[in-house]
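Quick one: the structure is below, questions incoming.
The values are calculated or read from the model by the stated rules, or taken from the named source; none is laboratory data. What you see is a predicted model; the values in this text were computed from it and never measured. Here Cβ is always computed from backbone atoms with ideal geometry, including for glycine, and neighbour counts include all displayed protein chains.
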Amino acid sequence: MQLQLQPSTEIVQMLNVSSSARGMAPGLKSFLVQLLAVLLWLMLGAPLLERAQVSLLPLQHALCAGGVAAALGWAWNLPRWWLPINFFFVPGLVTMYSLDLAPYWYLAAFALLLLVYWSVAGSRVPFYLSSRKAWQAVAERLPPAAMVADLGSGLGGLLHFLAQQRPGGRYVGMEIAPLPFLLSWLRMQLCSGCYEIRWGSLWHVDLQPFDVVYAYLSPVPMAELWRKIQHEMRPGTLFISNTFEVPGVEPNEVVQLDDLHQSRLYVYRLGGGDRVI
Ligand SMILES: C[S@@+](CC[C@H](N)C(=O)[O-])C[C@H]1O[C@@H](n2cnc3c(N)ncnc32)[C@H](O)[C@@H]1O
C-alpha cells in the first residue's frame, strides 16, 4: 500500500515527534529495557520478596527480571517478536553462567559479535536486515538499467534480489562490518558477480553516479547523510530510507510495508526544491 502524504504543518510536527520515538532501533530499546528491568527487580522486586521472607534461586530471580523486561518492552511498543527475547535474555545469561563454560567460548562469542557489530559504537548503526517486502518495493521504484547503492549493505540481500529481479541494472553495496562484508562477498562470488560489494565506510563513497541510493541505518546519521546526498546526488535521482526519516524534510512518498516490523520506506526525489518542513 502506498501513501502520498501532503500533511499540514501541525500533522508533520506530530509525525516528527512520533517518528523520532518510533525511529529508535528496537535493539537499542531492548538494551535500555533490560537495564531498567534488572535495576527495578534488584531495587524493588527482590527486596520486597526478601521482606516477605520468600527466597528465590538465581534463575528464578532472572525469570522475574525477564518478566519485568517483557512488560516494559510491551509498554514501550516494541515489536511483538522482541518480547520473548526480552523475557529470556537475563535468564539466558544466568543459565550460561551456571553452565561453567570454558572462557574461550565467551571469547569466541565476543569475537563473533565484534565482527558483526564492528562499527556500532562509532556509527550507532546496528546490524539488522530489510524484509523481502522492502526489497520488492525498492525494485518497483527503479528506473530501467539503474545504478543502485545500498549504504551499509549487510549480507547483500537487497543487492542480490535486485540483480535477480532487475538484471539490467548495476548494484553496489558498501559495508563496514567484516563478517557481513565477507558473507556478502561470498554471496557475490556465488552469483558470478551479479552485484559489487566494497568494504569501507559509506561516508567515503561518491554518490554522484547512482540513480537510486537505499539506506537502512538508524536515526543518528540521517541529517548528515542527507547533506551528503544533496551535495552529491543528481536531480531526479531517488533516495530511499527504510524506517528512518530525514529530519525536517518531507518525503515525496511514504510506502507502508506489510512486513514483520510494519516498516515504512521514505522516498525522496532529489532536486526540484526538496521541501523542508
Ligand atoms: C540496519 S543494517 C542494514 C543492512 C542492509 N542494508 C539491509 O537493508 O538488509 C545497517 C548496516 O550498515 C552497516 N554500517 C553501519 N555504518 C556503516 C558505515 N559507516 N559504512 C558502511 N556500512 C555501515 C552495518 O554494519 C550494517 O550492516
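Can you find, within the stretch 136-159, the residue that is surrounded by the most Cβ atoms within 10 Å (Cβ to Cβ) among those that are more than 8 Å from the ligand (Cβ to nearest atom) and part of a helix (DSSP H, G or I)?
Step by step, filter the stretch 136-159, then rank; the result is L159.
Is it true that W74 is under 30 Å from L42 (Cβ atoms) and in contact (Cβ under 8 Å) with a residue 12 or more places away in the chain?
Criteria not met by W74.
Here is a yes/no grid of residues against (1) in contact with a strand residue (DSSP E or B) (Cβ under 9 Å, 6 or more places away or on another chain); (2) assigned to a loop (DSSP other than H, G, I, E, B); (3) surrounded by 16 or more Cβ atoms within 10 Å (Cβ to Cβ):
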residue: L207; (1), (2), (3): yes, yes, yes
residue: S218; (1), (2), (3): no, yes, yes
residue: L225; (1), (2), (3): yes, no, yes
residue: P235; (1), (2), (3): yes, yes, no
residue: F239; (1), (2), (3): yes, no, yes
residue: E245; (1), (2), (3): yes, yes, yes
residue: P251; (1), (2), (3): yes, yes, yes
residue: V255; (1), (2), (3): yes, no, yes
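Checking V125 against (1) closer than 30 Å to V220 by Cα; (2) in the same structural domain as L35 (by TED's automatic domain parsing); (3) not small (G, A, S): exactly one of these is not met. Which one?
(2)
A follow-up question, please. I'm trying to understand the selection: among the residues of the stretch 148-195, which are more than 17 Å from Y128 (Cβ to Cβ) and aromatic (F, W, Y)?
Passing the criteria: Y171, W185, Y195.
Only one of these conditions is not met by Y128: (1) closer than 20 Å to V33 by Cβ; (2) more than 15 Å from the ligand (Cβ to nearest atom); (3) in a loop (DSSP other than H, G, I, E, B). Which number is it?
Condition (2) is where Y128 drops out.
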